[in-house]
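Student: First the structure, then my questions, so here it is.
The values are calculated or read from the model by the stated rules, or taken from the named source; none is laboratory data. Given the structure is predicted, the values throughout are model-derived calculations rather than measurements. Using ideal geometry, Cβ is built from the backbone for each residue, glycine included, and neighbour counts are taken over all protein chains shown. Side chains included, ligands, DNA and RNA excluded: accessible areas come from the protein's heavy atoms. Shrake-Rupley method; radii C 1.70, N 1.55, O 1.52, S 1.80 Å.
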Amino acid sequence: MSEATIDRLVIDTPDDWHLHLRDGAALSAVLPASARQFARAIVMPNLRPPVTTTAQAMAYRERILAARAVTGPGSGFEPLMTLYLTDNTAPQEIVRARQAGVVALKLYPQGATTNSDAGVSDIRRTYRTLEAMQREGLLLLVHGEVTDPQVDLFDREAVFIERHLIALRREFPGLRVVFEHITTREGAQYVLQEDDQNLAATVTPQHLLFNRNAIFQGGLRPHYYCLPVLKGEEHRLALVAAATSGSTRFFLGTDSAPHAAVLKESSMGHAGCYTALTALELYAQVFDEAGALHHLEGFASHHGADFYRLPRNAGRVVLERRAQTVPAAVPFGDTELKPLCGGETLAWTFAGSL
Ligand code: DOR
Ligand code: ZN
């Protein structure tokens, strides 16, 4: 059957391997959308203050579970907790983290993105902690961009590979590393070419669907601004080829990053695209256009769980080729949130769980 004639897809329930859930009223506003489509999510620790200790991660997990109980559907949604790696994260914290069920640490180079002031100033300072992670089996999730002001914004990912990632992989071959939200041909090639079963990457829907022209089309469009920033078309095509190839080294991570619309539409607009509302539909569009719908289930539901060494989900979800219009705005505490592609029509619709 040609893929153009596929109008219903039933896949194992997917997981989101990179998600910003925020806290308080914002958490309650965005949690139901992710819980509707995904069984589990890797929850990013860049709160203010950041989640740097196991105790903080456990308290945050309790707040997420409390919000989940109030917001109804998707009550089985499981948050997978992470810690924010700093220059001072002690190796002993890693043992506590593993015992408490924390699965990974997130490395933000200092100043690279939203709430990253407490991030790592020099990766070598964390080497004793990385050694403990390698030993304890915790994963390292990497925001792979250098912050050197001499390096052009669009080159920061490629330079990060050369300056840091290659050395880090050599030093800790047993450490499982997820190169988060890759955005470049260099990123995709690096992950593909290394014969390294401990290296994988997440890819966001916005980096698969859009190139950097989207930010400037007819005027400045802040809802297409995220970090790492969208790249040129050659990079987008390389990401689509990698994500839809069936390679087990690539998996779904939305990086859904909600910011109040007023904070994005300002003179210092915040970085982040809110994609959780229609996450699966956005990915389905990419795989459909690439003629690779048969690889969507691996990318969305299998590769991530296998890499994290967690069981695959038991349930299934349904996607239908049925047009829907993405809401232009949704409530977000006492303000509003504008989803990526708000007001536009998508070809696929999430039709629930079986
Ligand atoms: O665009 C982004 N937004 N990139 C990140 O790395 C962080 C995220 C956020 O937390 O808003
Ligand atoms: Zn993120």
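Student: Would you be able to tell me the number of residues in the stretch 244-258 that are buried (at least 24 other Cβ atoms within 10 Å of the Cβ) and touching a His at 6+ places or on another chain (Cβ under 6 Å)?
Tutor: Residues meeting the conditions: 5.
Student: Moving on. What are the residues in the stretch 167-201 that are outside any loop (DSSP other than H, G, I, E, B) and closer than 21 Å to ILE215 by Cα, if any?
Tutor: ARG185
Student: Do you know which of the residues in the stretch 46-87 that are part of a loop (DSSP other than H, G, I, E, B) and farther than 17 Å from ASN115 by Cβ is least open to solvent (accessible area, probe 1.4 Å)?
Tutor: For the stretch 46-87, the residue satisfying everything is PHE77.
Student: Sticking with this one: Applying the selection to the stretch 89-109, what residues are away from ligand 1 (no atom under 16 Å from the Cβ) and either at pLDDT below 95 or of a type in the set (Lys, Arg) (or both)?
Tutor: ARG96, ARG98
Student: With respect to ALA351, is the statement that it is farther than 22 Å from ALA241 by Cβ and open to solvent by 40 Å² or more (accessible area, probe 1.4 Å) true?
Tutor: So ALA351 passes the test.
Student: Another one. Identify, from the list THR254, THR335, the residue that is away from ligand 2 (no atom under 16 Å from the Cβ), over 18 Å from ILE6 (Cβ atoms) and β-branched (Val, Ile, Thr).
Tutor: Going through THR254, THR335 in turn, just one is away from ligand 2 (no atom under 16 Å from the Cβ), over 18 Å from ILE6 (Cβ atoms) and β-branched (Val, Ile, Thr): THR335.
Student: What number goes with the only condition from (1) open to solvent by 30 Å² or more (accessible area, probe 1.4 Å); (2) out of contact with any Asp or Glu (no Cβ under 8 Å at 6 or more places or on another chain); (3) under 28 Å from ASP288 (Cα atoms) that LEU153 does not pass?
Tutor: Exception for LEU153: condition (3).
Student: Next question, about the same structure. Under 6 Å between Cβ atoms, which residue pairs at least 6 apart in sequence (or on different chains) link something in the stretch 175-192 that is open to solvent by 10 Å² or more (accessible area, probe 1.4 Å) with a partner that is within 16 Å of ligand 2 (Cβ to nearest atom)?
Tutor: ARG176/LEU139
Student: Separate question: When the residues of the stretch 217-257 are narrowed to those that are within 16 Å of ligand 1 (Cβ to nearest atom) and of a type in the set (Gly, Ala, Ser), which ends up nearest to VAL142 (Cα to Cα)?
Tutor: GLY253
Residues are listed down the side, and each one gets a yes or a no for (1) over 18 Å from the mean Cα position of the chain (by Cα); (2) open to solvent by 60 Å² or more (accessible area, probe 1.4 Å); (3) within 13 Å of ligand 2 (Cβ to nearest atom):
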| residue | (1), (2), (3) |
| --- | --- |
| ALA200 | no, no, no |
| ARG212 | yes, yes, no |
| ARG221 | yes, yes, no |
| LEU227 | no, no, yes |
| LEU239 | no, no, no |
| ALA260 | yes, no, no |
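Student: For HIS164, work out the one condition from (1) within 22 Å of VAL229 (Cα to Cα); (2) more than 16 Å from ligand 2 (Cβ to nearest atom); (3) part of a loop (DSSP other than H, G, I, E, B) it doesn't fulfil.
Tutor: Just one mismatch for HIS164, condition (3).
Student: Could I ask something else about it? Answer yes or no: is there a residue in the stretch 307-322 that is acidic (Asp, Glu) and either within 15 Å of ligand 1 (Cβ to nearest atom) or under 30 Å from ARG176 (Cβ atoms) (or both).
Tutor: Within the stretch 307-322, not a single residue is acidic (Asp, Glu) and either within 15 Å of ligand 1 (Cβ to nearest atom) or under 30 Å from ARG176 (Cβ atoms) (or both).
Student: Looking only at helices (runs of 4 or more DSSP H) that lie completely in the stretch 253-354, which have at least 2 residues being over 28 Å from ARG48 (Cβ atoms)?
Tutor: Hits in the stretch 253-354: 279-289, 303-308.
Student: Go through SER34, SER116, SER28 for me and flag whichever is of a type outside the set (D, E, K, R), part of a helix (DSSP H, G or I) and within 15 Å of ligand 2 (Cβ to nearest atom).
Tutor: Only one candidate passes the filter, namely SER34.
Student: Further question: Of these, ILE64, ILE11, ILE42, which one is within 14 Å of ligand 1 (Cβ to nearest atom) and either within 26 Å of GLN110 (Cα to Cα) or in contact with a helix residue (DSSP H, G or I) (Cβ under 7 Å, 6 or more places away or on another chain) (or both)?
Tutor: ILE42
Student: Does GLN206 qualify as being under 27 Å from VAL262 (Cα atoms), crowded, with 21+ Cβ neighbours inside 10 Å and either at pLDDT 95 or above or among the polar types (S, T, N, Q) (or both)?
Tutor: So GLN206 passes the test.
Student: I'm trying to understand the selection: among the residues of the stretch 110-159, which are of a type in the set (A, V, I, L, M, F, W, C), within 13 Å of ligand 1 (Cβ to nearest atom) and touching a strand residue (DSSP E or B) at 6+ places or on another chain (Cβ under 8 Å)?
Tutor: LEU141, VAL142
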